[in-house]
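Below is one structure, written out as structure tokens, with a few remarks after it.
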Ligand code: PNS
């Protein structure tokens, strides 16, 4: 039985995030989505809102919030591995360094899942920017996220 942790900000989750989580669910026995709660950052959505968005789109995943180190969250959740989605080379450079750090001091391995090409341009920050400027993001994010962004920005 292999349990994996999918950590991230998910502020908000995009269809790219959901695609990676769904493919983890199809691949591994147990998937825990871990939403970072960073007291020094001001997210657009509260951790409870982000948890609800992911839980609604991925009913077969467990969804938790965590503060502090991701390797501690993986240990506390009983996860064997961390899984991160990769959209391209820029992600790889950053994620490889984090994966090596997490293995070196935390003893937790990371596996990468290639983003589906149709989602490789998506990011939470671009989605928020487009929504804030009045663009239609309904094809890019789950329906409840699109609704929440629309309510916020009119
Ligand atoms: O969705 P994001 O913003 O790319 O997620 C980044 C996240 C939350 C996975 C990363 O910032 C993280 O692991 N934060 C926890 C703090 C930590 O463990 N830092 C050391 C990593 S080497």
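Please treat every number below as a calculation from the coordinates, not as lab data. Worth saying up front: this structure is predicted, and the values here are computed from it rather than measured. So basically every Cβ, Gly included, is an ideal-geometry build from the backbone, and we count neighbours across all protein chains shown.
Run down 35, 82, 64 and say which single residue is touching a residue at least 24 places away in the same chain (Cβ under 8 Å), assigned to a strand (DSSP E or B), within 13 Å of the ligand (Cβ to nearest atom) and under 19 Å from residue 128 (Cα atoms).
35
Here are 10, 53, 28: which of them is crowded, with 18+ Cβ neighbours inside 10 Å and on the phi > 0 side of the Ramachandran plot?
Answer to the selection: 10.
Among the residues that make up segment 86-98, is at least one of them away from the ligand (no atom under 13 Å from the Cβ), over 18 Å from residue 14 (Cα atoms) and surrounded by 14 or more Cβ atoms within 10 Å (Cβ to Cβ)?
no
For segment 110-127, state whether one or more residues are part of a strand (DSSP E or B), in contact with a helix residue (DSSP H, G or I) (Cβ under 6 Å, 6 or more places away or on another chain) and surrounded by 11 or more Cβ atoms within 10 Å (Cβ to Cβ).
Scanning segment 110-127, I find at least one residue that is part of a strand (DSSP E or B), in contact with a helix residue (DSSP H, G or I) (Cβ under 6 Å, 6 or more places away or on another chain) and surrounded by 11 or more Cβ atoms within 10 Å (Cβ to Cβ), so the answer is yes.
Report, by residue number, each residue of segment 43-54 that is within 14 Å of the ligand (Cβ to nearest atom) and in a loop (DSSP other than H, G, I, E, B).
Listed by number, the residues that qualify are 43, 44, 45.
Considering only residues that are over 15 Å from residue 64 (Cβ atoms) and outside any loop (DSSP other than H, G, I, E, B), look in segment 8-23 and name the one that is nearest to the ligand (Cβ to nearest atom).
Top of the filtered list is 17.
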